[in-house]
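The values are calculated or read from the model by the stated rules, or taken from the named source; none is laboratory data. Everything numeric here is computed off the predicted structure, so don't read it as measured data. Cβ coordinates were reconstructed from backbone atoms using ideal geometry, including for glycine residues, and neighbour counts include every protein chain displayed. We work out accessible area using only protein heavy atoms, side chains counted, and drop any ligands, DNA or RNA first. Shrake-Rupley method; radii C 1.70, N 1.55, O 1.52, S 1.80 Å.
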Number of protein chains: 2
Amino acid sequence: MPIEDKQKPQRNDRVTIRTVATHAGVSVAAVSKVMRNAYGVSDALRAKVTDAIEALAYRPSRAARGLRGRSFTIGVLLIDIRNPFLPEVIAGVNEVLGPSHYQAMIGVSDARVQLETSLIESMIDYKMDGLILVAPRLPSEILAKFAVQIPIVAVGYHDASATAFDTVNADDQRGAEIAVEALLACGYRDIEMLSLGERQGHAVSVVRQREIGFRRAMQRGGLGSSPAIGKIPIASPKREEAMRKFLSRKDRPRAVFCWSDLDAITLLSLAMEMGVRVPEDLAVIGYDNSPTAALGLVNLASIDQSGRELGQVATRALISRIEGRTASEHIFQIPSLVSRNSLTRSGSGTDMKQG
Amino acid sequence: MPIEDKQKPQRNDRVTIRTVATHAGVSVAAVSKVMRNAYGVSDALRAKVTDAIEALAYRPSRAARGLRGRSFTIGVLLIDIRNPFLPEVIAGVNEVLGPSHYQAMIGVSDARVQLETSLIESMIDYKMDGLILVAPRLPSEILAKFAVQIPIVAVGYHDASATAFDTVNADDQRGAEIAVEALLACGYRDIEMLSLGERQGHAVSVVRQREIGFRRAMQRGGLGSSPAIGKIPIASPKREEAMRKFLSRKDRPRAVFCWSDLDAITLLSLAMEMGVRVPEDLAVIGYDNSPTAALGLVNLASIDQSGRELGQVATRALISRIEGRTASEHIFQIPSLVSRNSLTRSGSGTDMKQG
DNA sequence: CGTTATATGGAGAACGTTCTACAACTCGTC
DNA sequence: GACGAGTTGTAGAACGTTCTCCATATAACG
């Protein structure tokens, strides 16, 4: 079949929408229409175009797409890549995105507000179609401002009053309550929480929510109106120092609830080094049910909040918002207890999962 | 009837390069020149423009930049986000990128060749300036084809003959030798390796390189011409089953070298469950020196290959290639041994048996 | 037949940058 | 006062899409 040659020198070897149009003998607009599944395309035209796309192995430029329309990319912002809980969220995101035509690009902010801001801006500048922010540090007003420019779903960010963006959370208050209830059920009364020492107490953060749940459950259990909450710094040398201090305290509590498995596991390790027996001298319960906690060597009881599901739900919410939903959604999941030997010597040592 | 993608992008009065130009009373080209630090800009002009940029909080659109020039973004492709070694690489990348004007965007391929290809293509389509591929699965010819379109540095990919792209590796052969030498130095003679059971043996992969080093060191130590190498599948249920089988073998070796801490740590856990004492009954040495290995509870001897440094070096290599280098570079780092209790009871006196 | 509605395809203006080519202006220098 | 040589700024053509009109062909109807 003769193809009309427009004498247009193809200096670049890249296959563009124009190459496809020429090859199929149709207009650029027609190809674009087929690509976008737009209205007003006959079966014959569609066939011609898809054949040409196939033959030329055409891939639309995301950069050019972003300039005008959608880029079919969603950005995921992680606060920290070393916390083993976060990869689970990514896995969930990818599972939902897999069959769709969207792709995820991940940025890592390392818990620095400055970098977080600039990554969000970059993602907007890339004309990404939506953002999933995992445990962002920015205040709600700032997020709301960004949300005007791009659909946003925040995970691990407790602000159910936000109207500009969606949130997806495990119920961290309830999770902490479950932890305390489990300790109480084992007969422990002298209970403390080891929380995270952040510079500014971020009311929306999962950590603060867990503190609230801890306090409520303790009060409900009749254990004082202001139960003890210790703060462990995030930086490494001071972090272990604080834990050692806790472990060697004379009035060390009988049981401890750690805000995260990360801390609980380090605590377990230090306890072993210092000859503090777990659970005989000190019962420990963590949060996240990370893979390391499940190791027989570690055997850490933990609150499970399925990062995978969180990622899946967040992704679905984001897509629905991209496709036009405007009312904000705030989704909660209920965490559950995974009982292991650090809580009580339970005989077999196999996992016991309870609602 | 066809489904039409409908979207109403909010009309946003974005600050563009044109806004800045008008505000500063200069041309668009002048602003672009200042942005790019190009030649032929007077101090007065520069001052006017930077003031306007500041006043308007102008951010250039990466999408538009990518269409014409550079996007100042580099793509990082991770084979798997759950392996705790990989976050270290990212950390190294971010450290080098931090002070520069480049930013990293990460894609996760989940070890699927199909997804890996499409992510690389996406990153090219985004007009990213360069790619760091961490332990890619694609064959060298394919990578070379991509490398024509975009600068590529492969990490954990042994192909020193590649001319189209750079490689950055720890010397995995040497690492395995060091592991065997350490086991020999402890007096163990009956040594096996537990390697990864991949579908197609990928000669460029770190795993195969470690097998080569293992064989060479064993032969050099006079321990047979074809030492035993077991294969552990990657999928979870079969994986533990294979390890249990190994641990309960009557002719189980006295010492084992695992290709990765991931496997070594699981092995340690199962050994404890099954009553196999480490190191008394079985000495174990891993690879990667991951944070979990360093835990007192785990205390796994391991070969350290500093993922952070690998990330840093790869990033510097990529930037130099983006800035014009054309000859390929193949960089090696020498790994080192971190001795811990899983290798030999070394005096710190920690007990592997929990309780 | 003429008129109108509908279905299909195309022209061409955005989108926000980069960067080449060139204009204008200042200094010397002969 | 003509002529380079150098310096500083600008105009305008890409880049590869999307998407709003608009043109044309066909069908439906009086």
## Note on the structure
In the stretch B:106-133, anything hydroxyl-bearing (S, T, Y), without any contact (Cβ under 8 Å) to a residue 24 or more places away in the chain and open to solvent by less than 10 Å² (accessible area, probe 1.4 Å) is listed as B:S122
### Summary
When the stretch B:33-70 is checked residue by residue, the ones that are open to solvent by less than 30 Å² (accessible area, probe 1.4 Å), farther than 20 Å from A:L119 by Cα and part of a helix (DSSP H, G or I) are B:V34, B:V49, B:A52
### Query
Just one of the numbered conditions (1) within 13 Å of another protein chain (Cβ to nearest Cβ); (2) open to solvent by less than 10 Å² (accessible area, probe 1.4 Å); (3) not in a helix (DSSP H, G or I) is not true of B:P136; which one?
(1)
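If you take the residues in the stretch B:139-150 that are open to solvent by less than 40 Å² (accessible area, probe 1.4 Å) and under 30 Å from B:W259 (Cα atoms), which one is farthest from DNA strand C (Cβ to nearest atom)? Let's see the steps before the verdict.
Taking the stretch B:139-150 first, the residues open to solvent by less than 40 Å² (accessible area, probe 1.4 Å) are B:140, B:143-144, B:146-147, B:150.
From the residues that got through so far, the ones that are under 30 Å from B:W259 (Cα atoms) too are B:140, B:143-144, B:146-147.
Numbers: B:S140: 30, B:L143: 25, B:A144: 25, B:F146: 21, B:A147: 20 Å.
The qualifying residue farthest from DNA strand C (Cβ to nearest atom) is B:S140.
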### Query
Any residue in the stretch B:299-312 that is under 24 Å from A:D263 (Cβ atoms), more than 18 Å from the chain's Cα centre (by Cα) and either open to solvent by 20 Å² or more (accessible area, probe 1.4 Å) or at pLDDT 90 or above (or both)?
yes
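Are there any strands (runs of 3 or more DSSP E) wholly within the stretch B:143-223 with 1 or more residues that are of a type in the set (D, E) and not assigned by TED's automatic domain parsing to the domain that holds B:V93, and if so which?
Values: elements: B:152-155, B:166-170, B:191-196.
Where strands (runs of 3 or more DSSP E) fall fully within the stretch B:143-223 and carry at least 1 residues being of a type in the set (D, E) and not assigned by TED's automatic domain parsing to the domain that holds B:V93, they are B:191-196.
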### Message
Residues to consider are B:L77, B:L86; find the one that is in contact (Cβ under 8 Å) with a residue 40 or more places away in the chain, touching a Ser or Thr at 6+ places or on another chain (Cβ under 7 Å) and not polar (S, T, N, Q).
### Response
B:L77
### Task
Being within 8 Å of DNA strand D (Cβ to nearest atom), modelled with pLDDT under 85 and more than 14 Å from every other protein chain (Cβ to nearest Cβ) is the filter here, so list the residues in the stretch A:1-41 that pass it.
A:R11
### Task
Considering only residues that are more than 7 Å from every other protein chain (Cβ to nearest Cβ) and small (G, A, S), look in the stretch B:55-70 and name the one that is nearest to DNA strand D (Cβ to nearest atom).
B:G69
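Out of all the residues in the stretch A:305-324, is one or more of a type in the set (G, A, S), within 12 Å of chain B (Cβ to nearest Cβ) and touching a residue at least 24 places away in the same chain (Cβ under 8 Å)?
Narrowing the stretch A:305-324 to residues of a type in the set (G, A, S): A:306-307, A:311, A:314, A:317, A:320, A:324.
Still in the list and also within 12 Å of chain B (Cβ to nearest Cβ): A:307, A:311, A:324.
Then keep just the ones that are touching a residue at least 24 places away in the same chain (Cβ under 8 Å); that gives A:307, A:311.
Yes, the stretch A:305-324 contains at least one residue that is of a type in the set (G, A, S), within 12 Å of chain B (Cβ to nearest Cβ) and touching a residue at least 24 places away in the same chain (Cβ under 8 Å).
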### Query
Among the residues of the stretch B:270-278, is there at least one that is small (G, A, S) and assigned to a loop (DSSP other than H, G, I, E, B)?
yes
### Message
Among the residues in the stretch A:328-347, are any open to solvent by 10 Å² or more (accessible area, probe 1.4 Å), more than 30 Å from A:A162 (Cα to Cα) and within 11 Å of another protein chain (Cβ to nearest Cβ)?
### Response
yes
## Note on the structure
Residue hits (the stretch A:273-304; closer than 22 Å to A:Q333 by Cβ and away from chain B (no Cβ under 12 Å)) are A:I285, A:G286, A:Y287, A:D288, A:N289, A:A301, A:S302, A:I303, A:D304
### Task
Check whether at least one residue in the stretch B:230-244 is at negative phi, open to solvent by 40 Å² or more (accessible area, probe 1.4 Å) and of a type in the set (V, I, T), and report yes or no.
yes
#### Entry: Search result, residues across the stretch A:299-327 that are under 13 Å from A:D166 (Cβ atoms) and polar (S, T, N, Q)
A:T315, A:S320, A:T326
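I'd like the residue in the stretch B:80-132 that is of a type in the set (D, E, K, R) and part of a helix (DSSP H, G or I) and, out of all such residues, is nearest to the other protein chains (Cβ to nearest Cβ).
Going through the stretch B:80-132, the residues of a type in the set (D, E, K, R) turn out to be B:80, B:82, B:88, B:95, B:110, B:112, B:116, B:121, B:125, B:127, B:129.
Checking which are part of a helix (DSSP H, G or I) leaves us with B:88, B:95, B:116, B:121, B:125.
Working: B:E88: 8, B:E95: 10, B:E116: 12, B:E121: 6, B:D125: 4 Å.
Only one residue fits best here, namely B:D125.
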### Query
Cβ-Cβ below 7 Å, separation at least six or inter-chain, first residue in the stretch B:256-274 and more than 19 Å from B:E198 (Cα to Cα), second assigned to a helix (DSSP H, G or I) and among the polar types (S, T, N, Q): which pairs?
B:I265/B:T292; B:M274/B:S248
### Task
Taking only the stretch B:240-268 into account, find how many residues are within 14 Å of chain A (Cβ to nearest Cβ) and over 26 Å from B:S339 (Cα atoms).
0
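Would you mind stating whether A:V76 is buried (at least 23 other Cβ atoms within 10 Å of the Cβ) and away from DNA strand D (no atom under 16 Å from the Cβ)?
Working: buried (at least 23 other Cβ atoms within 10 Å of the Cβ): yes; away from DNA strand D (no atom under 16 Å from the Cβ): yes.
So A:V76 passes the test.
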### Query
Just one of B:L86, B:L97, B:L78 is away from DNA strand C (no atom under 13 Å from the Cβ) and modelled with pLDDT under 90; which is it?
B:L86
